[in-house]
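To start, the structure itself, in structure tokens.
None of the figures in this text is laboratory data; all of them are computed from the coordinates on show. Given the structure is predicted, the values throughout are model-derived calculations rather than measurements. With ideal geometry, Cβ positions are generated from the backbone for all residues, glycine too; neighbour counts draw on all protein chains shown.
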Amino acid sequence: MNWTIARTICLLTASNVFMTFAWYAHLRDLKGRPWFIAALASWGIAFFEYLLQVPANRIGSTALTLPQLKILQEVITLTVFVPFLIFYMRQSLKWDYLWAACCLCGAVYFVFRK
């Protein structure tokens, strides 16, 4: 794997950690607060997501097509989301998630094949 793609994957993974917390952590941590408090907290977290996501996409676009970059982003999103779901949100894993992951693997195959 070349360094451009490796850097893109690392930045997108870190970005997705922030994104996942921005989108979903308020459902656990700020449940009793007004929605606008959750929105402000999420925006604050999302700022750090964008500090990583924008450079990741700029770097990635030099080595990947836009569809490849998008599918890579979706795979990383689920890779980050599943541990977040299990360990942070304390929800159980279902077989349907495995089948969804298989569908994404198919998407990866078709987008990256020559």
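One table, with the values for the structure above:
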| item | result |
| --- | --- |
| Cα coordinate range in the range 3-112, projected on the principal axes (Å, largest first) | 44, 34, 18 |
| Calculated FRET value between residue 31 and residue 61, using beta carbons and R₀ = 30 Å, to 0.05 | 0.20 |
| Residues residue 70 and residue 95, FRET efficiency given R0 of 41 Å [Cβ-Cβ distance, rounded to 0.05] | 0.95 |
| Kirkwood Rh in Å, taken over all unlike Cα pairs in the range 64-114 | 11.8 |
| Linear extension gain, residue 43 paired with residue 112, 0.36 nm per residue minus alpha-carbon span | 21.5 nm |
| Charge dipole (debye, nearest 20) of the range 3-112; +1 at Cβ of Lys and Arg, -1 at Cβ of Asp and Glu | 160 |
| CD proxy at 222 nm, helix term only [per DSSP H run n ≥ 4: -39500 (n - 2.57); per residue of the chain; nearest 500] | -24500 deg cm²/dmol |
